[in-house]
Amino acid sequence: MKPKILLIEDEEATRFGFTKYLSRSGYIVQEASCLSDAHKALLSQRFDAVLLDLNLPDGSGLEWIIEFRENYPDIPIIVITGFGDVPIAVDAMRRGADNFLTKPVNMQDLDIFLRKSLELGTLRRKDLTSQRLEKKDQIYFGESPAMKKVMNLAALAAKNDSPIILLGETGTGKGILARWLHDNSLCSSAPFVEVNCSSLRGDLLASELFGHARGAFTTAVQDKQGLIEVADGGTLFLDEISDMDIGVQAQFLKVIEEKQYRRVGEVKVRRSEFRLICATNRDLLEETHHGRFRKDLYFRINVLPIVIPSLRERQEDMPRLVLHLLGNLGAPNVKISSEAMQLLKAYPWPGNIRELRNILERGLLFAYGQSLALEHFSSLESQPVFMSHDKDMSNLENIEEAHIGEAVRRFSGDTRKAAESLGISRATLYRKLKKFQQAPK
């Protein structure tokens, strides 16, 4: 793919000469005669390098370098300046430029500088990617009264080893809170083992939890250690425990009570001392009434329930939560307009924090490092919050039903795309749709 160069130069003849030579040398050149044009170009596409004249009709390229470097830390800048402005060019390099050339520019030198700068840009992108992968997301739970109550309970829970069950809608941060509980407990130096019960069923889940002996079933060619064993001394986090099969529930209840278990196909009794944290977005007591969840297991794990409120129940946390998520997405300096923030506050967020993160990540892609505005959240603007006059839309469940129904219609019944846009799993979407169908009209 040909490298894209943004040429910012107010002299038309100079632009023509640069563009002609660079195009022949294998570059794609986008011209800008002023900083305003450069800004528009940066919003519309991604560039591999910038050629910048410092004296421009609508501002100083010297000052612009600082703003550009904050938003585009990986893109190299080559400054083009007059012979008598070498001290200014040196100042430009202190502000973030990578190289400078004096006029009249030797085109062969320019080609060499560009190729070296493009290599530098590639190295910077690799380094930034590595830093992003190595960096652990900081955690922000919120300052609202509802979240302060949650964190007071969490602080109490972290000090003891009793089972904890985290309750709340999909995307509210149950997994993040589970990890926080582990990191702030006495077993923080031991393993944190997470199992999603909705992704495994029956014998597969049993094998994953308990392990199996060689020959226990056709594909068991060797002994396998179970995750209960791996969690010994640490924390076992069972996400979506309401999806655990009844048969596995009976086996797991015995493990909780006796801290003992057997691998599938093995008679040897093993022991594991682990801290149990469970999570679900369903009403477990209701699940017991329908026979889908064992009452004895429910009472055993329901020692310390912590209910995490939905995002629409704590709108006062939205501004700081948005800034926090932008930081975790690698854009801590990106600003967001007051109009865009009002839109985010008004939206019902059926996918909660997970959906908010997805929307912000999508907005950053459209913004190209610039401030986030209304146009970067067009997918939210096109989704009316209130879509029915037949129901009481002050009821949060009705709002959620209307919003999810609109998403499904917008994607012509494609549940995969609808679930992705909402920031929830397809299983959760199916469950909510089924609940809405069964609800009295």
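Computed quantities for the displayed model
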| quantity | calculated |
| --- | --- |
| Residue check, G247 assigned by TED's automatic domain parsing to the domain that holds P163 and outside any helix (DSSP H, G or I) | no |
| Hits in segment 424-441 (condition: of a type outside the set (K, R) and either modelled with pLDDT of 75 or more or part of a helix (DSSP H, G or I) (or both)) | I424, S425, A427, T428, L429, Y430, L433, F436, Q437, Q438 |
| Subset of segment 30-43 (residues that are touching a Phe, Trp or Tyr at 6+ places or on another chain (Cβ under 8 Å), over 20 Å from L114 (Cβ atoms) and in contact (Cβ under 8 Å) with a residue 40 or more places away in the chain) | L43 |
| Matching residues in segment 1-29 - criterion: being over 18 Å from R115 (Cβ atoms) and crowded, with 18+ Cβ neighbours inside 10 Å | I8, E9, R15 |
| The one condition in (1) β-branched (V, I, T); (2) without any contact (Cβ under 8 Å) to a residue 60 or more places away in the chain; (3) touching a strand residue (DSSP E or B) at 6+ places or on another chain (Cβ under 9 Å) that I80 fails to fulfil | (2) |
| Any hit, segment 327-339, residues being free of Cβ contacts under 8 Å to residues at least 40 places away in the same chain and within 14 Å of Y140 (Cβ to Cβ) | yes |
| Matching helices (runs of 4 or more DSSP H) fully within segment 256-371 where at least 3 residues are assigned by TED's automatic domain parsing to the domain that holds L181 | 284-289, 295-301 |
| Cross-chain or 6+ apart pairs with Cβ under 8 Å, segment 213-241 first and at pLDDT below 90, then among the β-branched types (V, I, T) and part of a loop (DSSP other than H, G, I, E, B) | R214/V221 |
| Residue in segment 373-387 that is surrounded by fewer than 20 Cβ atoms within 10 Å (Cβ to Cβ), part of a helix (DSSP H, G or I) and at pLDDT 80 or above present | yes |
| Residue check, L153 in a helix (DSSP H, G or I), within 30 Å of L422 (Cβ to Cβ) and in contact with a Pro (Cβ under 9 Å, 6 or more places away or on another chain) | yes |
| Meets criteria (in the same structural domain as I77 (by TED's automatic domain parsing), in contact (Cβ under 8 Å) with a residue 60 or more places away in the chain, under 21 Å from D109 (Cβ atoms) and among the aliphatic types (A, V, I, L, M)) for A13 | no |
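Rundown of residues vs (1) under 27 Å from V322 (Cα atoms); (2) modelled with pLDDT of 85 or more, yes/no style:
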position	(1), (2)
E119	no, yes
R132	yes, no
K136	yes, no
F141	yes, yes
S144	yes, yes
M147	yes, yes
A154	yes, yes
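The values are calculated or read from the model by the stated rules, or taken from the named source; none is laboratory data. Everything quoted here is computed from the prediction, not taken from an experiment. Positions of Cβ are generated from backbone atoms using ideal geometry, with glycine treated the same way; all protein chains shown enter the neighbour counts.
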